[in-house]
Amino acid sequence: MDKKDLILGRLRGLGNGIIDDVERHTVPAIKVPSRGTSNIVYDDAKRYYVLGDRYGKRSLGNVKQIKKVAQMVSTANFCKGLVETQKTATIREMYYVSEGWDVDFGDQQESNLIGEDLEVTLGVTREDLGLMPEEDGAAVYGDLTVKDDDVEVNALKSGKSGYSISPTIDDVEFLDHGVERVIAVETMGMFHRMVQEEAYKKFNCLIVGLKGQAARATRRFLKRTNEELGLPVYICNDGDPWGFHIAMVIISGSAKLAHVNHELATPNAKFLGVTASDIVNYDLPTDKLKDIDVLRLKELYKDPRYHEDFWKLEIKKMLKIGKKAEQQSFSKYGLEYVVEKYLPEKLDAMES
């Protein structure tokens with residue numbers, strides 16, 4: 001059974017379950033895995049968050065749940081049409097399309113949540129259902145050849161802005177590559193700096209610009225390069241709690257997406273970003289930690305994803321010095337310093 005048939009089978013199964021309830025004179029209901037915090041568990045063996053085994057039930061016998069059941073069924077029917085015709089729609093487009101349904105949504109946040117309920121109920125991803133995000137794909141630069149919609153593209157020959165990661169990245173075939181590692185950077189400013197300084201040659205790597213918090217397609221791309229191509233993944237972010245979090249979402253997933261972390265998390269990825277130790281050792285320009293930064297660092301310290309000694313030590317040190325620093329702070333020593341000095345030293349220490 002190919003993927004299209006699998007997805008259609010699950011969508012039809014959802015509808016058939018309701019029909020079966022009606023024919024048995026039973027009040028129709030849909031079992032929806034709970035995404036509440038009490039049902040989100042950090043799996044030490046897998047090294048990312050997963051959903052527990054708790055379920056909720058949405059029943060047409062409960063007046064307060066009738067609308068949500070109708071929204072789920074309407075969304076499932078919309079997605080069935082997308083999968084059958086092999087089309088896609090953005091989550092924004094779906095929200096506007098729903099204006100013509102018998103049951104619509106109060107706002108896009110409500111429709112987004114129903115979409116997430118549907119993917120967790122069916123055990124598939126939003127992208128499998130034909131629903132695409134709004135955000136642009138991150139950029140990739142380096143010697144990687146892919147087949148995207150029957151067109152072969154080499155990310156080293158796609159201009160200085162690189163190859164834009166497709167939101168349907170699982171439909172993209174990796175054909176060939178000539179690199180040894182992947183370096184993902186938080187900001188597009190650092191991405192362009194590394195392209196200009198030819199870091200892809202110096203480190204024989206793919207450079208991935210994350211555009212801040214990595215989109216789902218970007219996380220899936222990084223996971224595929226790690227698992228399918230056997231490439232080590234390094235994440236180079238700002239030295240603050242928010243940069244740490246962006247990296248950790250790539251490494252160990254997020255609680256919000258516990259139901260699809262097995263598709264997105266890359267537990268073997270390593271943090272190559274700015275640490276509190278770097279701030280001290282390289283005498284970097286800094287900003288003082290704000291109260292919200294201190295609070296966030298204390299939250300990270302208690303987070304099970306940050307259980308390794310490396311994270312514990314760096315978080316404690318950052319709290320002690322009371323400072324944070326951006327990747328661009330290395331420009332104090334010249335625009336070339338990150339590629340010529342800092343990254344070679346960090347990579348050598350991590351790979352030796």
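The values are calculated or read from the model by the stated rules, or taken from the named source; none is laboratory data. Because the structure is a prediction, the values reported are computed rather than measured. With ideal geometry, Cβ positions are generated from the backbone for all residues, glycine too; neighbour counts draw on all protein chains shown.
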Study note, to complete from the structure: Checking Leu297, Leu284 in turn, the sole residue that is in a helix (DSSP H, G or I) and either among the basic types (Lys, Arg) or touching a residue at least 24 places away in the same chain (Cβ under 8 Å) (or both) turns out to be Leu297
Point to revise | Residue match in the range 71-92 (condition: at negative phi, at pLDDT below 95, in contact with a Lys or Arg (Cβ under 9 Å, 6 or more places away or on another chain) and surrounded by 13 or more Cβ atoms within 10 Å (Cβ to Cβ)) | key: yes
Check your understanding: Counting just the residues of the range 150-170 that are in contact (Cβ under 8 Å) with a residue 12 or more places away in the chain and surrounded by fewer than 13 Cβ atoms within 10 Å (Cβ to Cβ), which one comes out farthest from Gly130 (Cα to Cα)?
Key -> Lys160
Review point. Filtering the range 1-56 down to residues that are of a type in the set (Lys, Arg) and outside any loop (DSSP other than H, G, I, E, B), which residue is farthest from Gly130 (Cα to Cα)?
Key: Lys31
Check your understanding: Does at least one position in the range 18-31 carry a residue that is within 27 Å of Asp170 (Cα to Cα) and either loosely packed, with under 14 Cβ neighbours inside 10 Å or aliphatic (A, V, I, L, M) (or both)?
Key -> no
Exercise for review: Answer yes or no as to whether Val32 is in contact with a Gly (Cβ under 7 Å, 6 or more places away or on another chain) and in contact (Cβ under 8 Å) with a residue 24 or more places away in the chain.
Suggested key: yes
Point to revise | Filter result for the condition that a residue is modelled with pLDDT under 95 and over 24 Å from Ile207 (Cβ atoms), over Ala255, Ala276 | key: Ala255
Review point. Can you find even one residue in the range 109-122 that is surrounded by fewer than 20 Cβ atoms within 10 Å (Cβ to Cβ) and not in a helix (DSSP H, G or I)?
Key: no
**Study point:** Count of the range 218-232 residues which are of a type in the set (A, V, I, L, M) and buried (at least 24 other Cβ atoms within 10 Å of the Cβ)
**Key:** 1
Check your understanding: What helices (runs of 4 or more DSSP H), lying completely within the range 153-235, carry at least 2 residues that are under 17 Å from the mean Cα position of the chain (by Cα) and more than 22 Å from Met350 (Cβ to Cβ)?
Key -> 216-227
Exercise for review: Report whether or not Ile250 is touching a Lys or Arg at 6+ places or on another chain (Cβ under 6 Å), of a type in the set (A, V, I, L, M, F, W, C) and in a helix (DSSP H, G or I).
Suggested key: yes
